[in-house]
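Step one of this worksheet: look at the structure below.
The values are calculated or read from the model by the stated rules, or taken from the named source; none is laboratory data. What you see is a predicted model; the values in this text were computed from it and never measured. Neighbour counts run over all protein chains shown; Cβ positions are idealised from the backbone, glycine included.
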Amino acid sequence: MFSRGVALCSVLALASIAQGGVTVQLVATPSSGGPGCDPGEYEVGQQVSVEVRLVQNPVGSDQLVRLDEFDFQQTAPLLLDGITFPTTHDRGTGGTGDDIHFWKFDSLTGCTSTPAFCGFNHYIDDDLPAGLVDTRPNVLSMAYYGLNADNTAQLTLKGDGTPLAIGVMDVTMPALGGSYNLNVLNAADTDMNNRRARVDFGFEPHTIWCAGQAAPNDVSGGTLVFNVVAMCDVGCVPNSAALVSSIPPFVSVGQSTGFPAPLWRTLRHVIRLDFSEPANCPALTPPTAGQILIREMLANGAFGSDLSASFTYTIEAGNVLRVREPSTTATVLLDNKWYAISNNNWPGVAPFEAQFAVNVGDFDGNRFTTPTDVSGINAAPGPQPDQGRADVNGDGFKTPTDVSIANSAQGPPPAKPTGH
């Protein structure tokens with residue numbers, strides 16, 4: 001921190017000084033909290049970088065910056081607590097504390113090649129707490145004390161309106177949602193210490209441009225509002241409905257043990273696939289043939305031809321896809337085979353592959369068709385739901401035909417083909 005007397009914002013006539021003010025721009029990166037956030041909206045705890053820029057407005061002649069200070073007195077206290085100033089220049093002298101925070105001298109040619117030149121001949125105040133030397137809290141200042149002959153060390157504010165990046169800060173959003181104002185001008189403060197932002201140009205006598213001062217030599221802008229929310233409304237994430245479960249339970253790719261109950265019919269198979277319901281996404285619409293693939297699983301990871309055109313598809317409550325084999329005569333999914341249902345650009349749905357074995361007559365779902373299954377089917381009531389396991393031929397009823405089919409189909413489950 002450095003010491004300076006009380007300075008009153010005033011205008012001293014100088015013919016070389018442009019007749020215009022300075023606009024302070026605060027540019028946040030990122031400009032919002034990400035997907036689903038509106039411009040200027042951020043999530044609690046999110047950190048953003050805010051670059052501070054000076055712009056002549058209206059344009060005038062080039063000006064050498066003699067002094068610049070910013071006052072954070074009117075920044076929201078909870079936001080102020082989350083402001084830190086990154087190291088902008090490592091001046092190369094370890095252990096001396098000569099590194100510069102916040103202030104940027106990148107626009108100086110000498111600074112890019114010689115670190116010690118960054119901030120050369122400047123008093124630098126680059127932290128907010130009040131100290132023994134500078135008793136003003138929440139003020140940042142830098143002032144050039146060199147001679148005119150050394151003015152290559154001074155920053156230049158271009159007269160053509162080109163912004164001068166003069167500082168940078170990191171801002172962590174408060175833990176409490178709300179609207180928070182970042183203010184580096186404190187233009188409304190008119191106390192005796194004149195705690196307001198100001199910019200000085202040239203040499204003695206020089207011009208002081210000050211926040212809260214009337215045009216043309218005023219400093220304006222310098223405020224940025226952050227709207228902080230617990231979580232941004234991310235909207236619908238495309239193709240994010242994920243397969244969660246199924247009836248009967250599916251087998252996963254690469255699964256080699258612990259297989260669940262298989263399909264059990266000769267005709268009219270019914271499979272229900274249950275998908276997640278992503279926030280803000282519409283309910284799924286039924287896929288068309290080809291948007292999902294139904295294929296026999298062959299050895300070495302290969303597949304047979306697509307059978308999806310032989311099925312009908314409906315969406316039930318809760319994003320459940322009902323896959324129905326409608327034919328009462330043509331067998332599509334064969335006994336002792338494995339089949340895979342997979343996504344093939346079905347809109348709204350994430351990639352998936354669900355694998356099923358077929359073991360006709362497996363009433364109890366233990367993957368083997370045995371006399372126990374035959375007895376269970378025989379004892380079941382006549383009318384069956386669309387996934388009733390006593391209905392082996394899929395006609396909606398348990399009849400002697402179902403018992404006979406199961407009796408003839410007794411045997412172990414099919415082995416899962418290799419590579420799947």
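Annotations for the structure displayed:
- Taken over segment 142-151, residues that are surrounded by fewer than 14 Cβ atoms within 10 Å (Cβ to Cβ) and at pLDDT 85 or above amount to 1.
- Members of segment 51-89 found to be under 25 Å from the mean Cα position of the chain (by Cα) and more than 26 Å from Asn121 (Cα to Cα), listed by number: Leu78, Leu79, Leu80, Asp81, Gly82, Ile83
- Among the numbered conditions (1) modelled with pLDDT of 95 or more; (2) within 46 Å of the chain's Cα centre (by Cα); (3) not aliphatic (A, V, I, L, M), the only one that Asp373 does not meet is (2).
- Consider segment 70-124 and keep the residues that are out of contact with any strand residue (DSSP E or B) (no Cβ under 6 Å at 6 or more places or on another chain), surrounded by 13 or more Cβ atoms within 10 Å (Cβ to Cβ) and within 17 Å of Asn138 (Cα to Cα). The one that is modelled with the lowest pLDDT is Gln73.
- Candidates Ser107, Ser113 - the one that is in contact (Cβ under 8 Å) with a residue 24 or more places away in the chain and either touching a Cys at 6+ places or on another chain (Cβ under 7 Å) or polar (S, T, N, Q) (or both): Ser107
- Residue count for segment 297-319, restricted to those that are touching a residue at least 60 places away in the same chain (Cβ under 8 Å), surrounded by fewer than 18 Cβ atoms within 10 Å (Cβ to Cβ) and within 41 Å of the chain's Cα centre (by Cα): 4
- Phe363 meets the stated requirement of being among the hydrophobic types (A, V, I, L, M, F, W, C), within 51 Å of the chain's Cα centre (by Cα) and surrounded by 22 or more Cβ atoms within 10 Å (Cβ to Cβ).
- Looking only at segment 320-331, and only at residues there that are out of contact with any Lys or Arg (no Cβ under 6 Å at 6 or more places or on another chain) and at pLDDT below 95, the one that is surrounded by the fewest Cβ atoms within 10 Å (Cβ to Cβ): Thr329
- In segment 223-255, the residues that are in contact with an Asp or Glu (Cβ under 9 Å, 6 or more places away or on another chain) and over 30 Å from Trp338 (Cβ atoms): Phe226, Asn227, Val228, Val229, Ala230, Met231, Cys232, Asp233
Condition check ((1) within 12 Å of Arg272 (Cα to Cα); (2) in a strand (DSSP E or B); (3) not assigned by TED's automatic domain parsing to the domain that holds Cys281) across all residues:
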| site | (1), (2), (3) |
| --- | --- |
| Ile315 | yes, yes, no |
| Gly318 | yes, no, no |
| Val323 | yes, yes, no |
| Thr328 | no, no, no |
| Val332 | no, no, no |
| Asn336 | no, no, no |
| Tyr339 | no, yes, no |
| Asn345 | no, no, no |
